[in-house]
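A quick write-up on the structure given underneath.
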Amino acid sequence: MRIAYDVTPLSHPRTGVGNYVLGALRGMAEASSGEHQLVAFGPVSIRGRPLLDEALDGLPAERELVAVPFAHVTRRAWSRLGRPPAERFVGRFDVLHFTDWMYPPQRSGVRATMIHDLGPLKYPEKLHPRTVRMHNANAEQAKRCDVVFTNAEYTAQDVVETLRIPRARIRVAHPGVDPAFTPDGERHDARRPYAFTTATADWRKNLETVRAAWRGLDDDLALVALGDLGYLPHERLPALYRGSAVFIYPSRFEGFGIPVIEAMACGVPCVVSSHPSLDEAAGGAAVRVDPEDPEAITAAVRDALARSDELRERGLAHARRFTWLETGRIHLQGYADAL
């Protein structure tokens, strides 16, 4: 198969979606062993092009990328106008896989996309109207796809119930854990024991409730929050996980929750929101807690510290189930089934 894959999210500093895009591409490259041809494509900003090239470095994929002054406007205009077809820029392909950044037209071949979560549709009042409009448009496009990938069974069921896409057209491709996330290696030094959370001021990530919980914990542990550190390159995260005594993920809603399995892979006991969207990431290897209850979070952190050895072993075993190779295999099989 010749697979044209939209890589435009990699033109911005990498977060969850970008990490998934890159991991899935690497997994497909490894799984195909040269049998299939990957084509990375998309219009990107002039400033974002170096980030994209750096992310794709070493990936065995053809690059059909165009740097333009107003990339977002270009992507949305291409999507809305419905012309010219992607074949004009990419050549012939068997599969076109678009992300939630654009939905380019195509003449033929399998049409595929990924839905990470339906948060913008379920909680539109919490997001910028432009973000909501963009995700609503892409969700409508997903209904016309031959195959739709989700990163969790929870999201797959949400897609069936909300968008009415038949379950037979959906493939669940869990994310993987990058090799850098292991118990061995550099550890962040906060000069005292600390808990780490990737929570930010974003409503969904729920940092304010963790801060409220810390009134009962500050004498025991410092709190290191990603929301206070600003954007950190992906390669700096393993040291922050490893150095922590406990990892806290208090999200109110997720697509999957990649940081949970990253922390587990680093050998850190985890306290994870009890929202069902995090069931697959947490498995039976975390202390679950009501994300709206600061006192419950305080108690859960103390419980995780007391059961540290047990949770560490269970977490390591759980995290080993998630590999980008398997993610890539599921993508390739999903495309092949739709041909």
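For Val73 and Asn136, what does the FRET efficiency come to when R0 = 25 Å and r is the distance between their Cβ atoms, rounded to the nearest 0.05? Provide the component values of the computation, followed by the final result.
On the way: r = 18 Å, r/R0 = 0.73.
Approximately 0.85, to the nearest 0.05.
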Assuming a ≥ b ≥ c are the square roots of the Cα gyration tensor eigenvalues, decide whether the range 183-268 counts as rounded (a/c under 1.5), prolate (otherwise, with a/b larger than b/c) or oblate. oblate
Just Ala61, Ala77, Ala173 to compare: in a GNM of the chain, with alpha carbon springs under 10 Å, which one fluctuates most? Ala77
Residue span Gln333 to Glu30: 0.36 nm per residue of separation minus Cα-Cα distance leaves a gain in nm of 107.7 nm
Nearest-0.05 FRET efficiency for Glu186 and Asp220, computed from C-beta distance (R0 35 Å): 0.90
If you find the alpha carbon centre of the range 25-56 and of the range 74-141, how far apart are they in angstrom? 18
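We did not get these values from a lab; they are worked out from the coordinates using the rules stated. Bear in mind the structure is a predicted one, so any value in this text is a computation, not a measurement. Cβ coordinates were reconstructed from backbone atoms using ideal geometry, including for glycine residues, and neighbour counts include every protein chain displayed.
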